[in-house]
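Engineer: Sharing a structure, written as structure tokens. Questions coming.
The values are calculated or read from the model by the stated rules, or taken from the named source; none is laboratory data. The structure presented is a predicted model; accordingly, all values stated were derived computationally and were not measured. Cβ: placed from backbone, ideal geometry, glycine included. Neighbour counts: every protein chain shown.
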Amino acid sequence: MVSWQTKALNRVLHLTIKKLVSTGGSVAETRRFIEAKGKPPVPPGVEIAPVKAQAFRGEWIRTSQSSDARTLLYLPGGGFMLPASAQIPLLVAHINRAAGTRAMLVHYRLAPEHPFPAGLEDCLAAYRHLLDLGTDPKSIVIAGDSAGGGLTLSTLLALRDDGDPLPAAAVLISPFTDFSMGGNSRFDNARFDPMLSADGVKEIGAIYLDDTAHDHPLVSPVYGDYRDLPPILAQVGSTEILLDDTRHVGERARAHGVDFEVEVWEQVPHVWHVWPFLPETKAAVARIGEFIRQQIPGALTGRQHQRPPGVSKNKPGTKRRPRSRAKAVPASTPSRA
């Protein structure tokens, strides 16, 4: 069953956000629209502080349930060109409460001023900053929504190829994974997606890719080699135009022996997690918290992890180390409402 709250929200989004996206406003206009909303007040029990780092910008987000035993590295969406919306820190705080994590929200560089690979380089720098702080990689989960979901996969692929120790797991929320516009859902769901349009998504490529090929696995991770990556949970709505972005990357990852679980939620909007009043949001965030606790069941001792000699810190995916193939895990694709 789809909640009445979600049905009502979908109607509103069709008349507002989708209309704005479909009109093809400039990046500057869309940024001004987002900034005009301002930031909501920080709720009681949530602490937000800037990350002290030179290579990237970020914020620490903690709640009373946060523990250094679990760290969430969160990569927000925004079509690779828009800053994190005002709701994202609150979503991260909700995940902290459900998972017992402390979180680092990464404000990576944006196109068109900084096309690929600038944003990915910032995500890699943030993960390596955690390692430099002595954080055990097996106590880290990387998560992201929309464009940040695609960057989550790209970050995993680049870390593996560069020889960095990998995190315990990853979480994807309505991820964007395919600049080649593959998948029937880009067109079959065009009328039903309450937020995104296929034409609007297609325009992102010209802004973000610069001269990079659309099927490069670090911009379109649906073409990636997923061998040896950690367990991944993906959540996506049944009416999203990006539905097949999730399904196809899940199929490819499972074919490479990765534990990749796809949850398809009925008729929820793109990244529905940012609307806390939806019953589906509460259930989805609770599921994310459960998944993170399953992957990091207990406290781990932090320690310094050195990068292998000769591995580049600056160019993602420049070195490939031979790896053994992981054992295949059966697919699991629950549908939730």
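Engineer: What helices (runs of 4 or more DSSP H) completely inside region 104-198 contain at least 1 residues that are closer than 24 Å to residue 71 by Cα and either at pLDDT 95 or above or β-branched (Val, Ile, Thr) (or both)? Working first, answer last.
Structural biologist: Details: elements: 118-132, 147-162, 185-188.
Those helices (runs of 4 or more DSSP H) span 118-132, 147-162.
Engineer: Let me ask something else. Which of (1) crowded, with 21+ Cβ neighbours inside 10 Å; (2) more than 16 Å from the chain's Cα centre (by Cα); (3) small (Gly, Ala, Ser) is the odd one out, the single condition residue 126 does not satisfy?
Structural biologist: (2)
Engineer: Taking region 256-294 as the region of interest, how many residues are free of Cβ contacts under 8 Å to residues at least 24 places away in the same chain and of a type in the set (A, V, I, L, M)?
Structural biologist: Summing the residues that are free of Cβ contacts under 8 Å to residues at least 24 places away in the same chain and of a type in the set (A, V, I, L, M) in region 256-294 gives 0.
Engineer: Still on this structure, please answer the following. Please verify whether residue 92 is at pLDDT 95 or above and in contact with a Gly (Cβ under 7 Å, 6 or more places away or on another chain), treating the condition exactly as stated.
Structural biologist: Criteria not met by residue 92.
Engineer: Just the residues that are surrounded by 22 or more Cβ atoms within 10 Å (Cβ to Cβ), under 14 Å from residue 151 (Cα atoms) and in contact with a strand residue (DSSP E or B) (Cβ under 6 Å, 6 or more places away or on another chain), please, taken from region 70-120.
Structural biologist: Listed by number, the residues that qualify are 73, 74, 75, 77, 105, 106.
Engineer: Tell me which of these residue 258 doesn't satisfy, since it passes every other one: (1) surrounded by fewer than 20 Cβ atoms within 10 Å (Cβ to Cβ); (2) within 30 Å of residue 134 (Cβ to Cβ); (3) in contact with a Phe, Trp or Tyr (Cβ under 7 Å, 6 or more places away or on another chain).
Structural biologist: It is condition (1) that residue 258 fails.
Engineer: All but one of (1) buried (at least 20 other Cβ atoms within 10 Å of the Cβ); (2) over 18 Å from the mean Cα position of the chain (by Cα); (3) at pLDDT 50 or above hold for residue 277; state the number of the condition that does not hold.
Structural biologist: Of the numbered conditions (1) buried (at least 20 other Cβ atoms within 10 Å of the Cβ); (2) over 18 Å from the mean Cα position of the chain (by Cα); (3) at pLDDT 50 or above, the odd one out for residue 277 is (1).
Engineer: Testing residue 253 on (1) touching a residue at least 40 places away in the same chain (Cβ under 8 Å); (2) in contact with a strand residue (DSSP E or B) (Cβ under 9 Å, 6 or more places away or on another chain), one condition comes back false. Which one is that?
Structural biologist: Checking residue 253 against (1) touching a residue at least 40 places away in the same chain (Cβ under 8 Å); (2) in contact with a strand residue (DSSP E or B) (Cβ under 9 Å, 6 or more places away or on another chain), the one that fails is (1).
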